[in-house]
1. Quick one: ARG119 ticks every box in (1) out of contact with any helix residue (DSSP H, G or I) (no Cβ under 8 Å at 6 or more places or on another chain); (2) within 17 Å of MET129 (Cβ to Cβ) except a single one, so which number is it?
2. Can you pull out every residue in region 41-72 that is over 30 Å from ASP328 (Cβ atoms), open to solvent by 60 Å² or more (accessible area, probe 1.4 Å), assigned to a helix (DSSP H, G or I) and not basic (Lys, Arg)?
3. Among the numbered criteria (1) in contact with a strand residue (DSSP E or B) (Cβ under 9 Å, 6 or more places away or on another chain); (2) open to solvent by 60 Å² or more (accessible area, probe 1.4 Å); (3) farther than 26 Å from VAL155 by Cβ, which one does LYS212 miss?
4. I need the full set of residues from region 89-141 which are within 30 Å of ASP54 (Cβ to Cβ), touching a Pro at 6+ places or on another chain (Cβ under 8 Å) and part of a helix (DSSP H, G or I), in order please.
5. Which condition number in (1) at pLDDT 95 or above; (2) aromatic (Phe, Trp, Tyr); (3) out of contact with any helix residue (DSSP H, G or I) (no Cβ under 6 Å at 6 or more places or on another chain) is the one that PHE296 fails?
6. Might you check whether a residue that is in contact with a Lys or Arg (Cβ under 9 Å, 6 or more places away or on another chain) and within 30 Å of LYS3 (Cα to Cα) occurs anywhere in region 141-148?
7. I need the full set of residues from region 315-338 which are among the acidic types (Asp, Glu) and surrounded by fewer than 19 Cβ atoms within 10 Å (Cβ to Cβ), in order please.
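The values are calculated or read from the model by the stated rules, or taken from the named source; none is laboratory data. None of the values given here were measured: they were computed from a predicted structure. Cβ sites come from the backbone with ideal geometry, for glycine too, and all protein chains shown count toward neighbours. Surface accessibility is based on the protein's heavy atoms, side chains included, excluding ligands, DNA and RNA. Shrake-Rupley method; radii C 1.70, N 1.55, O 1.52, S 1.80 Å.
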Amino acid sequence: MKKIDIFNHIWPKPFFNALIDHIGTMTDITMRSGAVPMMTELDRRFEVMDMFGDDYQQVLSLASPPLEKLAGPDKAHDLSRIGSDSLAELCQKYPERFPAFIGTAALNDPQAAVREAKRAVEELGAVGMQIFTNVSGKPLDLPEFEPFFEYMGSVGKPVWLHPARGENFPDYLSETRSEYEIWWTFGWPYETSAAMARLVFSGVFDRHPGLKVITHHAGGMIPFFEGRVGAGWDQMGKRTTDRDLDAVRRSLKRPHLEYFKDFYADTASFGSRKAIEHAIEFFGEDHVMFASDAPFDPEGGPMYIRETIRILDELEVSDEVRRKLYQDNAVALLGLKI
């Protein structure tokens, strides 16, 4: 049985060089990422991977922040191309370590994002595309982004949904910044959940039934708040007087909770057993996949991999379910050959 880590992050050298050439000095989250050797040094990545045996593999993706935050449309598109090209090269060179990669779509030029998704998937062999929960503050359900979801649904390749929020999103209206990195600790799970809700209630999945979305960090807040998401939103519109929100809910082809359960989730939960258990209970054993979020742990790579494997190995589930989490679900969804 393989242990296929479907959501971990890397900055390949060509991408990293292009990134530094564009932004110059790294700050905030880019500084944090660039300071982790496993992000940019392949020897260190291999050293960490070897700690977990030959069966441990990584599906590679670029690390945040979103390309839209770093550059305008043309440069963001260039960076996405460099990222996909360099990830594809790593997979070709080290197929036993990296069975696949995820492209990144820069949605500040939606048409270019579709072209790059098409190139990454159909020419380079990407198993899906990564986007972020907002596009420079814009929600994903705006009409301008619809062509991207239409394409991804048509080819049946999943979209990896990564949260994005910074300290410039304050926790209180009286302030100008989020304190104590609350924007990350609580803001990112909220971002994921809000983006999922916008996709559901805007009818994106009704219009594109082939669309598949993988949520980072065990589905954000959704599994824990199933009651609010389900029965709570059954009463949508009761709290709003200037719009008929009940009509929004009734316009969906299925009960809204079913759409939320159709999302996929990973196990990247920073060592939280309960988060993983909630994700399996909510999304189902066929919709959860092993991921570590390496290398963003206090040890710079090994800890989240080690702790996630420990939790999955100790879960009170059958060997068949454990195999699904580690390998079979990823193989089925991503079309991997192992």
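1. Among (1) out of contact with any helix residue (DSSP H, G or I) (no Cβ under 8 Å at 6 or more places or on another chain); (2) within 17 Å of MET129 (Cβ to Cβ), the lone unmet condition for ARG119 is (1).
2. ASP43
3. Condition (3) is where LYS212 drops out.
4. GLU89, LEU90, CYS91, listed by residue number.
5. (1)
6. no
7. So the first thing to find is which residues in region 315-338 are among the acidic types (Asp, Glu), and the list is 316, 319-320, 328.
Passing the criteria: GLU316, ASP319, GLU320.
Here's the yes/no breakdown for (1) closer than 23 Å to GLY156 by Cβ; (2) touching a residue at least 24 places away in the same chain (Cβ under 8 Å):
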residue: ASP242; (1), (2): no, no
residue: ARG249; (1), (2): no, yes
residue: LYS261; (1), (2): yes, yes
residue: TYR264; (1), (2): yes, yes
residue: ALA268; (1), (2): no, yes
residue: GLY271; (1), (2): no, yes
residue: ILE276; (1), (2): no, yes
